[in-house]
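Values quoted throughout were computed directly from the atomic coordinates according to the rules given, and no laboratory measurement underlies them. Note that the structure is predicted; figures quoted are calculated from it, not measured. We place every Cβ from the backbone using ideal geometry, glycine too, and count neighbours over all the protein chains shown.
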Amino acid sequence: MKKVAVLVEDHYQVLEVWYPYLRMKEEGFKAVFVGPGRKKEYNSKENYPADEEIKISDVKISDFDAVIVPGGYAPDMMRREKKINDFVRDMFNAGKLIASICHGAWVPASAGILKGKKATCFFSIKDDIINAGADYSDKEVLVDGNLITSRQPEDLPAFCREIIKFLKEL
């Protein structure tokens, strides 16, 4: 069974966490909320809770096939955690899937994996990913090897389709 880490932190964008989490489960994959380990429950911008199922210090690259980085304000907090950046970088370098949506692209930028990659994100952070070395395009979803990126909640159907396609081809 494919296993997908969905990163959570306070002030996440509710659709960008729950839609992929539930879609992965619906597809028969094991989706797991991975948090920074500061507490058990993280809340969306609208105060909707997501319970950390495993803390980042307890994850092993070998246990996961993919990591999904949602948007909202959460990625600005996530990227401050060395262990989260290391996990994303190590997963990427192992050829495993990194999928980010909206402001989630801040994490791959901080992990140092965007150089030379085609990527998209929410328009307000496009300069950040360009400065991290990405080849930015304003498209609903971009796939470049084991990196999948999308712009905003409206792109979630295309984003999840590409994640599922990638995982089924493993």
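Below are the figures for this structure:
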item: Translational D in µm²/s for the range 72-170 (Stokes-Einstein at 25 °C, 0.890 mPa s, Kirkwood Rh from C-alpha pairs); result: 187 µm²/s
item: Sequence-distant aspartates and glutamates (8 or more away, or on other chains) whose Cα lies within less than 12 Å of LYS126; result: ASP135, ASP138
item: Surrounding net charge for PRO49, when Lys and Arg each add one and Asp and Glu each subtract one, Cβ distance under 14 Å; result: -4
item: Loop sites in the range 31-96: chymotrypsin sites (Phe, Trp or Tyr not before Pro), DSSP, at most 11 other Cβ within 10 Å; result: none
item: Within straight-line cross-link reach of LYS168, lysines at Cα separation under 27 Å, skipping those fewer than 8 residues along the same chain; result: LYS2, LYS3, LYS25, LYS30, LYS55, LYS60, LYS96, LYS115, LYS117, LYS118, LYS139
item: FRET efficiency, 1/(1 + (r/R0)^6) with R0 25 Å, evaluated for ASP90 and ASP135 via beta carbons; result: 0.60
item: Span-like helix ranges in the chain, DSSP H, alpha carbon extent 20 angstrom or more, Kyte mean at least 0.5; result: none
item: Cleavage-rule hits, GluC sites (Glu not before Pro), the range 49-121, DSSP coil, Cβ neighbours within 10 Å at most 16; result: GLU53
item: Shape of the chain, Cα gyration tensor, a/c cut at 1.5; result: rounded
item: Exposure proxy ranking, count of Cβ atoms within 10 Å, fewest first, for TYR21, TYR48; result: TYR48, TYR21
item: At R0 = 25 Å, FRET efficiency that the Cβ-Cβ distance of ARG38 and MET1 yields, to 0.05; result: 0.30
item: Likely footprinting exposure, GLU162, GLU27, fewest C-beta neighbours within 10 Å first; result: GLU27, GLU162
item: Difference of contour (0.36 nm per residue) and Cα-Cα distance, LYS118 to GLU26; result: 30.3 nm
item: Residues SER150, SER62, sorted so that the one with the fewest Cβ neighbours within 10 Å comes first; result: SER62, SER150
item: LYS83-VAL143 FRET efficiency (beta carbon distance; Förster radius 30 Å; 0.05 resolution); result: 0.65
item: The range 3-92 shape via C-alpha gyration tensor axes, a/c threshold 1.5; result: oblate
